[in-house]
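To keep things clear, I will list the structure first and then write my remarks on it.
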Amino acid sequence: MSSIQNQILQDIYQASHTGGFLTMRDLELNTSLTEWKLRPHLEDLKEASLIVEHPEGFQVAPRGTHYYKSKWG
């Protein structure tokens, strides 16, 4: 996993582990990257079942929570 993907996963986990969402706008502000540059990384994380995307924003998937806790938790 790339460093930007790690940062994205950490940001989404921090925002959503209690049931909230992280919007694309918030991700853009947190990473200083545009949606155009973030989207490929987000798609990779979704394909790995680490995050899920909802109309409200992004959340960490159960597999992503396990991954997060095993690395940083």
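The values are calculated or read from the model by the stated rules, or taken from the named source; none is laboratory data. Please read these numbers as outputs of a predicted model, since none were measured by experiment. Heads up, the Cβs are rebuilt from the backbone with ideal geometry, glycines too, and the neighbour counts pull from every protein chain shown. Protein only, heavy atoms only, side chains kept; ligands, DNA and RNA dropped before computing areas. Shrake-Rupley method; radii C 1.70, N 1.55, O 1.52, S 1.80 Å.
The residues of the chain expose on average 60 square angstrom of accessible surface per residue, using a 1.4 Å probe on protein heavy atoms.
With a cut-off of 13 Å between beta carbons, the residues surrounding Gly20 carry a summed charge of -3, where Lys and Arg count +1 and Asp and Glu -1.
When semi-axes √(5λ) of the Cα gyration tensor in Å is computed from the coordinates, the matching label among (1) 22, 14, 10; (2) 23, 18, 8; (3) 17, 13, 11 is (3). The share of accessible area on the chain that comes from carbon and sulfur is 49 percent, using a 1.4 angstrom probe. Per residue of the chain, the DSSP helices (runs of n ≥ 4 H) give a summed -39500 (n - 2.57) that works out to -19000 deg cm²/dmol at 222 nm. Taking Cα centre as origin and charging only the Cβ of basic (Lys, Arg, +1) and acidic (Asp, Glu, -1) residues, the dipole magnitude of the chain rounds to 260 debye.
Fully extending the segment from Lys69 to Met24 would add 13.9 nm, taking 0.36 nm per residue of separation and subtracting the current Cα-Cα distance.
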